[in-house]
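S.K.: For reference, the structure I am asking about is given below.
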Amino acid sequence: MFDNIDFSKMGELLNQVQEKAKNIELELASKEFSAKSGAGLVKVSANGKGEIIDVSIDDSLLEDKESMQILLISAINDVLAMVAQNRNSMSSDILGGFGKL
């Protein structure tokens, strides 16, 4: 069953994948995603790791707690969806390398 496997190539492939993973982590930390809700009344920014790095709320919402909460939740969900989509795309790029050997 394992007669035709070249284990040296598997080790090389593993090293390449580990290197790509390190590079992706660095790239994720440097990427920034932003989402707005309520026509820009709320803006949330996150890095590629999914960490919220900034929240901006228009002063007009400070008197309307319920609207502010709804818009904040919407913007957070949107920005986290962007981060997840980016991660999935980057993961596909890494895994696509397995078929090339």
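S.K.: What are the residues in region 29-46 that are under 15 Å from Met90 (Cβ atoms) and either of a type in the set (Lys, Arg) or at pLDDT below 95 (or both), if any?
M.R.: Scanning region 29-46 gives Ala29, Ser30, Lys31.
S.K.: Identify, from the list Ser60, Ser34, Ser56, the residue that is in contact with a helix residue (DSSP H, G or I) (Cβ under 7 Å, 6 or more places away or on another chain) and either over 14 Å from Ile24 (Cα atoms) or open to solvent by 90 Å² or more (accessible area, probe 1.4 Å) (or both).
M.R.: Every option except Ser34 fails the conditions.
S.K.: With Lys49, Lys22, Lys36 as the choices, which residue is more than 18 Å from Arg87 (Cα to Cα) and free of Cβ contacts under 8 Å to residues at least 60 places away in the same chain?
M.R.: That would be Lys36, the only listed residue that is more than 18 Å from Arg87 (Cα to Cα) and free of Cβ contacts under 8 Å to residues at least 60 places away in the same chain.
The values are calculated or read from the model by the stated rules, or taken from the named source; none is laboratory data. A quick note: this is a predicted structure, and the numbers were derived from the prediction, not measured. Ideal geometry is used to build each Cβ from the backbone, glycine not excepted, and the neighbour counts take in all protein chains shown. With ligands, DNA and RNA removed, areas are computed over all heavy atoms of the protein, side chains included. Shrake-Rupley method; radii C 1.70, N 1.55, O 1.52, S 1.80 Å.
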